[in-house]
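The values are calculated or read from the model by the stated rules, or taken from the named source; none is laboratory data. Please read these numbers as outputs of a predicted model, since none were measured by experiment. In this analysis, Cβ positions are derived from the backbone assuming ideal geometry, glycine residues included, and neighbour counts consider all displayed protein chains. Ligands, DNA and RNA are stripped out before the accessible areas are found, and what is left, the full protein with its side chains, is counted by its heavy atoms. Shrake-Rupley method; radii C 1.70, N 1.55, O 1.52, S 1.80 Å.
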Amino acid sequence: MLLKKSLVVLCCLFSSAAVAERWFEAEVLIFKQRPAPYLQEDFSLKHEAIEDKNTLDLLTPLYTEQAMQACIDGDTRFQKRSFTDSLVNDNPRSGVCDASTDYVQSYDTLPVTPVAPALDTMEQPYLLAPEQLQFKTQFEQLDRKGLTPILHTGWRFEAKSKSRAPSMHLFAGELIKTRVFDVPRYSNPDFVSLLEPQPSLFNDPDESTSKWELEGLFKIHLRHYLFITADFDISQKLQSGDVESSRFSQFKRVISGEIHYFDHPRMGMIVQIRKFKH
């Protein structure tokens, strides 16, 4: 009886270890579609923000580290100063390259392929290095067709259930900016309240709201099969200056090793999920 219980415990331990070590690597290639002049889709519809309680962002730390190093090395994009700064600080780089800077916003356009270090571990999810990506043929095919890649990346991760799997935060392309003009608000037309925001004498000329050309969440979970849930906003700036966004939402069951294609009037996506060390 004791031997039987021991065998059961050992089987459970081996089974748990096997599940815990089921790692995969995902590769994603997203590209922009050609403009379709006769497209009938209505992109003026408003959508709720793309959200998930459990998200994972591997791009922001990478871009932040690289931009911070560029700042330290004297990159000119970090030497912009407001009028007020020029009055109180003669050194354009003094106090700029610190942790308070939003380094990701310093990019006008993000790299198509994020340059991450090559790793071979199974501890925490991590991005693939460019040399670990395998969609070279697909990349060349897009180039021959005149289609523009906007993001080519990949990451390794431990397979988890739908409730435990995080949604990967992906963003790419151009940083689309919309100017913001401060309008003073007065609580009484005959009395200017000191508590209300006042117009600034020297506004920063770069003050704006912004969004990435592509941004959203990409989730992979395991339940006998692998499932992909992808939600992205694809944005573009119109001639009027307004920003128009369209929503890409897809859910699909996939098999590891197979290459899968996702289509949308504004973007296309090629995905492959490969087993890693099992």
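Per residue, how many Å² of accessible area does segment 238-278 show with a 1.4 Å probe?
Numbers: 2210 Å² over 41 residues.
So segment 238-278 comes to 54 Å² accessible per residue, rounded to a whole number.
Set the Förster distance to 35 Å, then compute FRET efficiency between Phe251 and Asp143 from the Cβ-Cβ distance, nearest 0.05. Mind showing how you got there, number by number?
Numbers: r = 30 Å, r/R0 = 0.84.
Given R0 = 35 Å and the Cβ-Cβ separation, E is 0.75.
What distance in nm lies between label points placed 7 Å from Cα along the C-beta direction at Ala49 and Asp73?
Once both label points are built, they end up 3.4 nm from each other.
Taking the highest mean first, how do the peptides 124-131, 268-275 order by number of other beta carbon atoms within 10 angstrom per residue?
Working: 124-131: 15.5, 268-275: 19.0.
Going from most to least packed, we get 268-275, 124-131.
Per the 1.4 Å probe, what fraction of the accessible area of segment 103-146, in percent, lies on carbon and sulfur atoms?
Values: 1340 of 2620 Å².
Answer for segment 103-146 is 51 percent, counting heavy atoms of protein chains only.
Given 25 °C and 0.890 mPa s, how large is the Stokes-Einstein diffusion coefficient of segment 207-263 in µm²/s, with Rh as the Kirkwood radius over Cα pairs? It would help to have the intermediate numbers written out before the result.
Numbers: Rh = 13.5 Å.
Translational D for this selection: 182 µm²/s.
How long is the gain from Ser161 to Leu238 if the chain were fully straight, where each residue apart is worth 0.36 nm and the alpha carbon distance is subtracted?
Working: separation 77, 0.36 × 77 = 27.72 nm, distance 4.07 nm.
Full-extension gain reported as 23.6 nm.
Give the peptides 141-154, 252-265, 22-35 in descending order of average Cβ contacts within 10 Å, highest first. Can you show the working numbers first?
Details: 141-154: 16.3, 252-265: 13.3, 22-35: 18.4.
Put in order of decreasing packing, that is 22-35, 141-154, 252-265.
Between Thr60 and Tyr107, 0.36 nm times their residue separation minus their Cα-Cα distance comes to what?
Result for the pair: 15.8 nm of gain on full extension.
For segment 235-277 and segment 102-161, write down the distance between their C-alpha centroids in whole Å.
Distance between centres, Cα-based: 14 Å.
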